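Asks: Here's a structure for you.
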Amino acid sequence: MRPLFHPRTVNGPFGDPGLFISFLFEKRAVLFDLGDIYSLPSKDILKISHVFVSHTHMDHSSGFDRLLRLFLGRNKDLHIYGPEGFLKNVEGKLAGYSWNLVENYEYNLTIHATQVDPERLITKIYRCKNKFAPDTETVINNFNGTLHEEPALAVSAVILDHGIPCLGFSMKERFHVNILKENVASLGLEIGLWLREFKEALFNGQDPDSEFEVHTGKTKTAGRKFILGELSEKIALITPGQKITYIVDVAFGKPNRDKIIEFANNSDHLYIEASFLDRDRELAEKKFHLTARQAGYIAAKAKVKQYTVFHFSPRNTDCEELLLREARQEYENRSQESEASGQKSVVSGQ
């Protein structure tokens with residue numbers, strides 16, 4: 001099975017945190033956190049359609065300028081989300097530049113910025129052609145945990161405590177469609193773009209008894225018609241979708257801990273900060289961060305299949321292996337206490 005989501009951390013475990021997730025067979029990606037992104041190639045940054053910012057401390061948001069610089073002059077819609085106070089931060093960034101020449105741009109960049117408050121989502125639109133002054137209309141929706149939803153996937157958020165509101169994120173594929181290539185060939189069909197239309201029909205909940213026409217532009221395949229449900233039974237294997245969860249900059253107190261465990265439950269991959277060693281847990285508590293041991297505890301209790309610890313404090317530059325070991329040992333100890341999951345986890349530093 002080839003997964004839809006292909007995540008990778010933007011920097012090493014001691015660099016600014018960030019998670020770049022590209023989509024299989026699509027020139028598209030999303031980004032969790034927006035700190036230093038200079039290690040990302042421009043061609044990858046230009047694939048980004050949605051950015052989810054945990055909070056606006058510099059190491060999580062200073063990359064906004066880089067993103068804006070690359071997107072200017074392009075016909076693009078950028079959707080960006082952040083916690084309470086986020087719209088003020090975005091407007092402050094945009095107000096830091098002069099925009100007197102943007103009317104000369106042939107293409108228009110539009111920024112859709114959404115602030116996540118405890119009970120509502122507040123969205124404002126900023127258009128390059130209007131010198132990034134906000135549109136007069138502000139859109140307000142109830143916040144039920146979901147930030148973005150489309151037929152194939154959804155991105156959700158949980159509000160956590162870092163001394164200020166800090167968002168955790170999870171991206172979940174509704175289900176995964178595995179194409180059985182041998183079966184496609186046995187029907188005299190060729191692998192092609194029509195399979196994307198086929199998957200979209202499934203994600204959109206199209207009636208299984210409806211007609212589906214294969215479009216390829218090639219004579220021997222184009223125009224052939226099938227009943228959608230029958231075609232699905234022959235060429236597709238439907239499996240549970242991926243779940244990727246991202247947690248940074250949080251205290252280990254009970255409200256946060258319980259929220260994270262529930263939110264990350266059964267993730268295929270959990271990316272979680274582990275800033276400090278257990279010996280420095282009092283300092284971690286003071287700074288509203290997790291220790292490696294606490295990160296391992298959360299991963300075990302959430303029954304994740306795989307996890308990555310990162311966002312290590314610079315004070316631990318020479319302790320990378322020790323941080324990994326503490327997380328792993330705690331995960332294994334907690335897993336042995338409760339063998340219900342029967343899962344083994346893979347842990348890495350980046």
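Asks: What residue, among those in region 18-49 that are charged (D, E, K, R) and either more than 21 Å from F169 (Cα to Cα) or part of a loop (DSSP other than H, G, I, E, B) (or both), is least open to solvent (accessible area, probe 1.4 Å)? It would help to see each step written out before you state the result.
Replies: Step one: of region 18-49, the residues charged (D, E, K, R) are 26-28, 33, 36, 43-44, 47.
Adding the requirement that they be either more than 21 Å from F169 (Cα to Cα) or part of a loop (DSSP other than H, G, I, E, B) (or both) leaves 26-28, 33, 36, 43, 47.
Numbers: E26: 75, K27: 187, R28: 45, D33: 1, D36: 69, K43: 137, K47: 62 Å².
Going through the qualifying residues, I end up with D33.
Asks: Within region 122-131, track down each residue that is among the hydroxyl-bearing types (S, T, Y) and open to solvent by 50 Å² or more (accessible area, probe 1.4 Å). Please lay out each step first, then the result.
Replies: Taking region 122-131 first, the residues among the hydroxyl-bearing types (S, T, Y) are 123, 126.
Within region 122-131, no residue meets the criteria.
Asks: While we're on this one: Name the residues in region 163-187 that are modelled with pLDDT of 85 or more and open to solvent by 20 Å² or more (accessible area, probe 1.4 Å), would you? Give the derivation first.
Replies: So the first thing to find is which residues in region 163-187 are modelled with pLDDT of 85 or more, and the list is 163-174, 180-187.
Answer for region 163-187, where residues must be modelled with pLDDT of 85 or more and open to solvent by 20 Å² or more (accessible area, probe 1.4 Å): G163, I164, P165, K172, R174, L180, K181, E182, N183, A185, S186, L187.
Asks: Are there helices (runs of 4 or more DSSP H) fully within region 214-293 with at least 1 residues that are among the aliphatic types (A, V, I, L, M), open to solvent by less than 10 Å² (accessible area, probe 1.4 Å) and closer than 26 Å to V177 by Cα? List them.
Replies: Details: elements: 228-235, 254-264, 281-286.
Fully inside region 214-293 and qualifying: 228-235, 254-264.
Asks: Here's something else I'd like to know. Which one is farthest from V30 (Cα to Cα), of the residues in region 140-151 that are assigned to a strand (DSSP E or B) and open to solvent by less than 60 Å² (accessible area, probe 1.4 Å)? Quick ask: steps written out before the conclusion?
Replies: Looking only at region 140-151, we keep the residues that are assigned to a strand (DSSP E or B), and these are 140-142, 146-150.
Retained after the next criterion (residues that are open to solvent by less than 60 Å² (accessible area, probe 1.4 Å)): 146-148, 150.
Working: T146: 16, L147: 13, H148: 11, E150: 14 Å.
Among residues in region 140-151 that are assigned to a strand (DSSP E or B) and open to solvent by less than 60 Å² (accessible area, probe 1.4 Å), the one farthest from V30 (Cα to Cα) is T146.
Asks: Another question, then. List pairs: first in region 289-305 and within 21 Å of K243 (Cα to Cα), second open to solvent by 10 Å² or more (accessible area, probe 1.4 Å) and of a type in the set (K, R), Cβ under 7 Å, 6+ apart or cross-chain?
Replies: Taking only residues 6 or more apart or on different chains, the pairs are G296/R328; Y297/R334; I298/R257; A300/R334; K301/R334.
Asks: Going by the structure shown, is E190 open to solvent by 60 Å² or more (accessible area, probe 1.4 Å) and of a type outside the set (K, R)?
Replies: Numbers: open to solvent by 60 Å² or more (accessible area, probe 1.4 Å): no; of a type outside the set (K, R): yes.
For E190, the condition - open to solvent by 60 Å² or more (accessible area, probe 1.4 Å) and of a type outside the set (K, R) - is not met.
Asks: List the pairs whose first member sits in region 28-46 and is on the phi > 0 side of the Ramachandran plot, whose second member is in a helix (DSSP H, G or I) and open to solvent by less than 50 Å² (accessible area, probe 1.4 Å), and whose Cβ atoms are under 7 Å apart, counting only residues at least 6 apart or on separate chains?
Replies: Filtered contacts from region 28-46: D33/H60.
Asks: Looking only at region 201-213, which residues are within 17 Å of V177 (Cα to Cα) and either in a loop (DSSP other than H, G, I, E, B) or modelled with pLDDT of 85 or more (or both)? Full working, then the answer.
Replies: If we filter region 201-213 for residues that are within 17 Å of V177 (Cα to Cα), which is where we start, we get 201-208, 212.
Across region 201-213, the qualifying residues are A201, L202, N204, G205, Q206, D207, P208, F212.
Asks: Since R69 meets every condition but one in (1) among the charged types (D, E, K, R); (2) under 29 Å from A152 (Cα atoms); (3) more than 16 Å from the chain's Cα centre (by Cα), which condition does it not meet?
Replies: Status for R69: all satisfied but (2).
Asks: Would you confirm, using the coordinates I've provided, whether L322 is touching a strand residue (DSSP E or B) at 6+ places or on another chain (Cβ under 9 Å) and either under 20 Å from C166 (Cβ atoms) or assigned to a helix (DSSP H, G or I) (or both)?
Replies: Values: touching a strand residue (DSSP E or B) at 6+ places or on another chain (Cβ under 9 Å): no; either under 20 Å from C166 (Cβ atoms) or assigned to a helix (DSSP H, G or I) (or both): yes.
When the stated conditions are applied, L322 does not pass them.
Asks: Given the criteria at pLDDT below 85 and either in contact with a strand residue (DSSP E or B) (Cβ under 9 Å, 6 or more places away or on another chain) or not in a helix (DSSP H, G or I) (or both), does I159 qualify?
Replies: So I159 fails the test.
The values are calculated or read from the model by the stated rules, or taken from the named source; none is laboratory data. It should be emphasised that the depicted structure is a prediction, and the values quoted were computed from it without experimental measurement. Using ideal geometry, Cβ is built from the backbone for each residue, glycine included, and neighbour counts are taken over all protein chains shown. Accessible surface areas use protein heavy atoms only, side chains included; no ligands, DNA or RNA. Shrake-Rupley method; radii C 1.70, N 1.55, O 1.52, S 1.80 Å.
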